[in-house]
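Beneath this line is the structure, given in structure tokens, with notes to follow.
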Amino acid sequence: MNKFLEFQKKKNKSKIICLTAYSKNMASILDNHCDLILVGDSLGSVLYNFKSTKSVTIDMMIEHSKSVRMGVKKSLLVVDMPHNTYRNNNEALMNAKKIILKTKCDAVKLEGGSKIIKIVKHLIKNNIPVQGHLGLLPQTHKGKFKYKGKKQAERKKILNDAKLLESAGVFSIVLECIETTLAKLITKSLNIPTIGIGASHYCDGQVLVIDDLIGLNPISVRFVRKYCNIDKVIYRAVKKFTIDVKKKRFPSKKYSY
Ligand code: KIV
């Protein structure tokens, strides 16, 4: 069965598991559990310490995605189109084709609704599979990060944007930081799967930044649950290594030629 149909068929059947990855080794671990692996432009803040995702370039996305591709065998591989790479139809198509050709990913993700709908339609018409992204949009967001869907007008706009994206042909939509009842309503109103991040358990699937989930990225946000403290595991391993080297216990004969 077509990979996208298989993904979409999970709606109303089983929860869809999605995580970000920025490199091969991590991707090959995640691929065992995930339906979709996203090379998110969150790599700008997580790996490069950028203040926002606005400074992420297409070349950064391509290099990380090429690495991730080597670790992904079964999941859908989606790559974020970074800020200012899809400002008009031609620019978007040229860059989406470049990302797909160089990384062999399955689809690209774009942030926004009605403002970018013509561009989304143009990509899909040209056989580029697209995932949408609504709610909090880090590429264009100004000021403090707040959840979306408090005010009625905002709720109407996000629901309408979701319907527009679905009729444009996106295969799924990421809902970021959206109030629970709105996320539930959007999920019920669409035939395509919604993937939540800070958008309640009513979404068809969930995504998190893997570095946040394992405690590698020191972040404290309400929607992040830290499942382990991998930083402590690394700290202890490196401490043991340091002691072994200093005491000349490593490398021993076993590890030498
Ligand atoms: O950039 C990213 O990692 C994302 C996810 C948080 C959905 O867009």
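The values are calculated or read from the model by the stated rules, or taken from the named source; none is laboratory data. All of these numbers come straight from a predicted model, not from anything done at the bench. Heads up, the Cβs are rebuilt from the backbone with ideal geometry, glycines too, and the neighbour counts pull from every protein chain shown.
For region 237-257, give me each residue that is assigned to a helix (DSSP H, G or I) and farther than 30 Å from Gln206 by Cβ.
Listed by number, the residues that qualify are Val238, Lys239, Lys240, Phe241, Thr242, Ile243, Asp244, Val245, Lys246, Lys253, Lys254, Tyr255.
Any residue that is surrounded by fewer than 18 Cβ atoms within 10 Å (Cβ to Cβ) and either modelled with pLDDT under 95 or not assigned by TED's automatic domain parsing to the domain that holds Thr20 (or both) - is there at least one of those in region 198-218?
yes
Could you tell me whether any residue of region 174-192 is within 18 Å of the chain's Cα centre (by Cα) and hydroxyl-bearing (Ser, Thr, Tyr)?
no
Let's see how each residue does on (1) hydrophobic (A, V, I, L, M, F, W, C); (2) within 30 Å of Asn32 (Cα to Cα):
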| residue | (1), (2) |
| --- | --- |
| Ser55 | no, no |
| Ser65 | no, yes |
| Thr85 | no, no |
| Lys98 | no, yes |
| Val108 | yes, yes |
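Just checking, how many residues over region 118-150 are in contact (Cβ under 8 Å) with a residue 40 or more places away in the chain and not in a loop (DSSP other than H, G, I, E, B)?
9
Can you pull out every residue in region 35-68 that is within 13 Å of the ligand (Cβ to nearest atom) and not in a helix (DSSP H, G or I)?
Leu36, Ile37, Leu38, Val39, Gly40, Asp41, Ser42, Leu47, Tyr48, Phe50, Ser52, Val56 - these are the residues of region 35-68 that are within 13 Å of the ligand (Cβ to nearest atom) and not in a helix (DSSP H, G or I).
Out of Ala153, Ala183, report the one residue that is crowded, with 20+ Cβ neighbours inside 10 Å and among the hydrophobic types (A, V, I, L, M, F, W, C).
When all the criteria are applied, what remains is Ala183.
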